[in-house]
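Colleague: Structure in structure tokens, see below.
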Amino acid sequence: MRKVFNFHGGIHPPENKLQSVGTPIADAGIPPELIIPLSQHIGAPAEPVVAVGDVVLKGQMIAQPKGFVSVPLHAPTSGTITAIEERQIAHPSGHRAPCMVIASDGQDQWIAHSGCSDYSTLDKAQLLARIRDAGIAGMGGAGFPAAVKLSVREGVKIDTLILNGTECEPYITADDVLMRERAQQIVAGAKILRQLIDPVETLIGVEDNKPEGLAALRQAAQGSDIEIVEFPTKYPSGGEKQLIEILTGKQVPSGGLPSDVGVICQNVGSAVAIYDAVVNGRPLISRVTTVTGAGVSQPQNFDVLIGTPMSYLLDKAGYQADKNRRLIMGGPMMGFTVPSAEVPIVKTTNCVLAPTEKELPTPPPAQACIRCGMCAEVCPASLLPQQMFWFAQGKEFEKLEAHNLFDCIECGACSWVCPSTIPLVQYYRASKAEIVQLRKDNEKSEQSRVRFEARQERLAREDAEKEAKRAARKKAAEERAQQSAAAGGDEDPIQAAIERAKAKKAAQQAGASTENELEKLEKAVVTTRKRLATASGKLQQAKAEGSDLVAALQTGVDKTQAKLEAAEKALHDYQQVNEAAPEHAAPTDAADAAIAKAMAARAAESALSDEEKARANLEKLQQRLEKSITKLAQSRENGDEEKIIVALESTVERLSDKVAQAQQQLQTTEGA
Ligand code: SF4
Ligand code: SF4
């Protein structure tokens, strides 16, 4: 007889199991409509692979896993996909979620499928693939994808495989009837799991309040190395960590996994599903669910298709709505009230409870905590529920985490014993949800911060690279200038450009002087004419009066006339010289001129040979380069902004490259 251990805390609530074990597992049948939530498991929701209007067969995959921690979904019966939309699902928050809706055709026609009766021929990867493809998610209530749980990390040795047949929660008997009626399949499932993970020992743990199930399992396991372990009934022995401690004496560390102590746990329902997947090639499309409570006239267990509306199942069990106060999915300790009877049965639904008010009375209003410490005494996770309650009220999440909130298995034992009827477990559930949401938000903002910083770094790096290039170009130019000066050879192009810029400036100034000269000459002509007119007038008057001044005035007129002629000649000469300059050319229409020029250039270009074209192109580019160098030199001399200088440097660099290419092009055409 194997030694069993005890875990800290625990309670003994009324079991209320006998009501639903009096009859064999019944077939719930095919409802007219099935609602399949895309997320029925821990991890990413599945992704539809069929569309509205598609006809599907029983067992056909209708949604594929999205990521490693995810499972596929299969049509529980044949029919037509009528909707992929949000529907109310069974969740403590009562929220809606994406679902696929199938209108059943009543034919229940299977898709072609095949299993492998001799699974010993399959290797580990093949076994794991079959389990993954069958969409099996932990059927004990947690919904962890079985294939993920069975994918043991490299280097981790599993000593003990445990099948959980504890079913410690009151009212629920789904696993009990499964052990009574399908013990052979459970044992076969255990053997498949043994082949997969190769443990030292395999244990099936069952509480002593299930004698028929124990007997059936012992018979099925006869002659095998699978050990059926019976232990005293206590709630919550079915908790994974608690069961491991009971059967092995090992404690899974806070925040750790069973594999950390060399153990893997699977529910007995999952073992049957694994057997079905590997041996019969059938995906998980149904499960055994207990329908019980005084609100139904025939409490019993049903083999029910996933997606069956709860109302359909309740009717099969003789639902009496007038007696029922609320509908619970799961048991009275860990289950939750559903918002409507239309929510579907999912892979983790082990029980539908329809209690009367007398059965599960509404708890009286919560009173102040009297610090009795009973909650800590019964806590199977050895937590401090009273302190956690205070922290949860004050939303002190860091302290809650420091008090190992996430080790709480939400068994409700603390709430059950609390004399002040404080709904402790509700506080812990809400706090966990808030912390998880906060973590997600923090993760998002952290990702945003990382993205922002990466962008800033990239910009700074680009700026530094530009600056380094600019400095390198400047240094190279200076070095070239120095080398040129030292060699006394060709003049520095930059310096030459500066000189040319100076010359141009001087020329412009000279142009300005020219304009002044013209003005002066014109003014001199006008003034002299006026003087001549005045002098001539005076001379005429003197002649008319017979004045003695006539001779003197005549001399003055003659001199002024000579001056005028000299001024007019100077002006004429000046105009003769400068009229040829373009600035004095008659204005023409600029656009017409440009078009005409361009056309002429094109015509001229088309008449050129390839070599001539290449030469012309080179000359054009050399001119542009020279202009750019001049501009750059002027800009430097004027002390322009750095960005202007950088832009000009870049232009010079680009044009230098083009000149080099054009030179190469010319050489090619010359050689052709
Ligand atoms: S059982 Fe209730 S009253 Fe007693 S310490 Fe815990 S929370 Fe307070
Ligand atoms: S609900 Fe959490 S805190 Fe309360 S007894 Fe259970 S494990 Fe402990």
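Colleague: Can you list the lysines whose alpha carbon sits under 17 Å from that of LYS658, skipping same-chain ones fewer than 8 residues off?
Modeller: By straight Cα distance, LYS658 reaches LYS613, LYS620, LYS627.
Colleague: If I fit a long axis through the Cα atoms of helix 124-133 and take the longest principal axis of the Cα atoms of the chain, what angle between them do I get, 0 to 90°, rounded to 10?
Modeller: Tilt of helix 124-133: around 80 degrees.
Colleague: I need ASP315, ASP198 ordered by Cβ neighbour count within 10 Å, fewest first.
Modeller: On the way: ASP315 15, ASP198 12.
Result, fewest neighbours first: ASP198, ASP315.
Colleague: On to the next question. Give the list, by residue number, of cysteines in the chain with no other Cys Cβ closer than 4.7 Å, or say none.
Modeller: CYS99, CYS116, CYS168, CYS265, CYS351, CYS369, CYS372, CYS379, CYS408, CYS411, CYS418, each lacking another Cys Cβ under 4.7 Å.
Colleague: Check TYR319: other-chain or 5+ apart residues with amide H under 5 Å from its amide H, H built from backbone geometry?
Modeller: For TYR319, whose amide H was placed from the backbone, the distant partners under 5 Å are SER297.
Colleague: Report, in whole Å, the centroid distance computed from the Cα atoms of the stretch 302-342 and the stretch 349-381.
Modeller: 20 Å
Colleague: Also, I was wondering about something else. From the convex hull of the Cα coordinates of the stretch 109-182, what is the mean projected area in square nanometres? Provide the component values of the computation, followed by the final result.
Modeller: Numbers: hull surface 30.6 nm².
With every direction weighted equally, the projected area is 7.6 nm².
Colleague: Angle between the Cα long axis of helix 183-197 and the longest principal axis of the chain, 0 to 90 degrees, nearest 10?
Modeller: The angle comes out at about 40 degrees.
Colleague: A further question follows. Against the longest alpha carbon principal axis of the chain, how many degrees, from 0 to 90 and to the nearest 10, is the axis of helix 493-545 turned?
Modeller: Helix 493-545 sits at roughly 40 degrees to that axis.
Colleague: Please give the length that would be gained between VAL55 and ARG2 if that part of the chain were fully extended, namely 0.36 nm times their separation in residues minus their C-alpha to C-alpha distance (nm, one decimal).
Modeller: On the way: separation 53, 0.36 × 53 = 19.08 nm, distance 5.31 nm.
That pair, VAL55 and ARG2, stretches by 13.8 nm at full extension.
Colleague: Please state, as a whole number in µm²/s, the translational diffusion coefficient that the Stokes-Einstein equation yields for the chain at 37 °C and 0.692 mPa s, with Rh defined as the Kirkwood radius across alpha carbon pairs. Show your work: numbers first, answer last.
Modeller: On the way: Rh = 34.1 Å.
Here the translational diffusion coefficient equals 96 µm²/s.
Colleague: Then there is this: Got a sec? How would LEU518, LEU424, LEU73 order by Cβ neighbour count within 10 Å, fewest to most? Kindly include the intermediate steps, with their values, before the conclusion.
Modeller: Working: LEU518 15, LEU424 26, LEU73 29.
With the fewest neighbours first, LEU518, LEU424, LEU73 line up as LEU518, LEU424, LEU73.
Colleague: Enumerate the aspartates and glutamates that LYS538 could reach by cross-link, defined here as Cα to Cα under 15 Å, with residues fewer than 8 away along the same chain left out.
Modeller: ASP548, ASP558
Colleague: Under a straight-distance cross-link criterion of Cα-Cα below 26 Å, which lysines are reachable from LYS58, leaving out those fewer than 8 residues away in the same chain?
Modeller: Here the lysines satisfying the reach criterion relative to LYS58 are LYS66, LYS316, LYS347.
Colleague: Another question, then. Quote the convex hull volume per residue of the stretch 374-484, based on C-alpha atoms, as a whole number of Å³.
Modeller: Here the figure is 114 Å³ per residue.
Colleague: Across the stretch 418-435, in residue order, what do the Karplus-derived ³J(HN,Hα) couplings come to in whole Hz, using 6.51 cos²θ - 1.76 cosθ + 1.60 with θ = phi - 60° and x for Gly and Pro?
Modeller: 5, x, 8, 6, 7, x, 3, 4, 5, 4, 5, 4, 4, 5, 4, 4, 5, 5
Colleague: Could I ask something else about it? For the stretch 98-129 and the stretch 428-470, what is the separation of their Cα centres, given in Å?
Modeller: 44 Å
Every number here is computed from the coordinates shown, using simple stated rules; none is lab data. Bear in mind the structure is a predicted one, so any value in this text is a computation, not a measurement. Please note: Cβ atoms are built from the backbone with ideal geometry, for glycine as well, and neighbour counts cover all protein chains shown.
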